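For reference, the structure is listed below as structure tokens.
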Amino acid sequence: MEELKPALYIVPTPIGNMEDITFRAVRILREAQIICAEDTRHSRPLLEQLGITAPVLESFHDHNEMEKAARIRDWIQEGKSVALISDAGTPLISDPGYHLVVACVNAGVQVVPLPGPCAVITALEAAGFPTDRFCFEGFLPVKEKALYDRLEELRHETRTIVFYETPRRMPDTAVALGKVFGEREIVVGREMTKAFETFYRTTCCKLSDVLASDSNSDRGEMVAVLYPWRPDPGENGVSDAALKLLRLLVTDLPVKKAVRIVSETFGCSRNEIYREALALKEEPDIG
């Protein structure tokens, strides 16, 4: 078989089940002169399982990506074939590789993408939610305010929403999802393609209890798929009941406190409630 031509090969690896590796991915990993791996300690056993026992492994991760991108580009320009892999799944999808691809593209170096395992697509396949349009949010913010702000931004997203979360962070995220999205349907995949693959199918407001009822829910990375926003006919985003309570509260309470109470009571967007509160304060009998 003809030797690999000099290029950057983007090679997906299994997210759990080794049978998901493609024939093409194995061939390229066997023939590539250099394999750039997110964690060489993790990747070496994987390669050995594939019968690749003597690869030239180069570490390539978040902390050295900018530094090594130019060097790897230069290797390819010198005539070497380079394969890029992450710890699991498709490189660049919440994994390193973006700056390297940009460096190669800008230098006219060929980039060869391979299809293969990807946790985003795997979760979408199983969720049973609309897949004609979806958005991927990667990992949500860790800090509480930033997390709630991001979720508020997504409240009226009409596409199916997919994001990653760690087991350690999921309990806090589940609480936030319940407060922001209420009865919205959600599916959370854990240990996908592995022996203990689990899908939690519930609503955002019940997710915390569902996870707490499973003693294994703190094991394995998670992918959450959130049903898209579907407005009711004639819906203006804030219910009449919410507006009624808001009108009562803003007469005696600071606007921010009134907004928080109404938002948490009805699961409404704080931004929308805030706009309604400002409009009420402008009314003669309120302000």
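Read-outs throughout are calculated quantities, based only on the coordinates presented, and are distinct from any laboratory measurement. Given the structure is predicted, the values throughout are model-derived calculations rather than measurements. Ideal geometry is used to build each Cβ from the backbone, glycine not excepted, and the neighbour counts take in all protein chains shown.
Based on the mean of other Cβ atoms within 10 Å per residue, sort peptides 122-129, 43-50 so the most packed one is first.
Taking the mean over residues of other Cβ atoms within 10 Å, the ranking is 122-129, 43-50.
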Counted neighbours (other Cβ, 10 Å), sorted fewest up, put 187, 142 in the order 142, 187
Loop-only check: which GluC sites (Glu not before Pro) in the stretch 166-233 are DSSP coil with at most 14 other Cβ within 10 angstrom?
-> 183
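Filter the chymotrypsin sites (Phe, Trp or Tyr not before Pro) in the stretch 173-233 to those in DSSP coil with at most 13 other Cβ atoms within 10 Å of their Cβ, and list the result. Write out the running numbers ahead of the final one.
Working: sites: 181, 196, 199, 200, 229; in loops: 196, 229.
Here the sparse-neighbourhood loop sites are 196.
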Fewest-first sequence of 95, 209 by Cβ atoms within 10 Å of each Cβ = 209, 95
Given the Cα-Cα distance of residue 265 and residue 156 and 0.36 nm per residue of separation, how much length would full extension add, in nm?
-> 37.4 nm
At most 13 other Cβ atoms within 10 Å plus a DSSP loop assignment makes a site exposed; report the longest stretch of the chain without any exposed trypsin sites (Lys or Arg not before Pro).
-> 1-132
By how many degrees, 0 to 90 and rounded to 10, does the Cα axis of helix 40-49 deviate from the longest principal axis of the chain?
-> 60 degrees
21 Å Cα-Cα reach of residue 145 towards lysines, excluding residues that sit fewer than 8 places from it in its own chain | 179, 256, 257
Can you give the FRET efficiency for residue 252 and residue 105, using 1/(1 + (r/R0)^6), R0 = 51 Å, r = Cβ-Cβ distance, to the nearest 0.05?
-> 0.30
Divide by every residue of the chain the summed helix terms, -39500 (n - 2.57) for each DSSP H run of at least 4, and state the resulting mean residue ellipticity at 222 nm, rounded to the nearest 500 deg cm²/dmol.
-> -12000 deg cm²/dmol
Among 227, 64, 128, which residue has its Cα positioned farthest towards the positive end of the charge dipole of the chain, with +1 placed on the Cβ of Lys and Arg, -1 on the Cβ of Asp and Glu, and the dipole taken about the Cα centre?
-> 64
Could you please state, rounded to a whole Å, how far the C-alpha centre of the stretch 120-174 is from the C-alpha centre of the stretch 48-68?
-> 30 Å
Between the Cα axis of helix 144-154 and the main Cα principal axis of the chain, the angle (0 to 90°, nearest 10) is 90 degrees
Unit charges at the beta carbon, dipole of the stretch 149-287: most positive-side option, 186, 208, 167 = 167
Return 40, 90 ranked ascending by Cβ neighbour count within 10 Å, so the fewest neighbours appear first.
-> 40, 90
Quick calc, the chain, dipole around Cα centre from Cβ unit charges on Lys, Arg (+) and Asp, Glu (-), nearest 20 debye, gives 200 debye
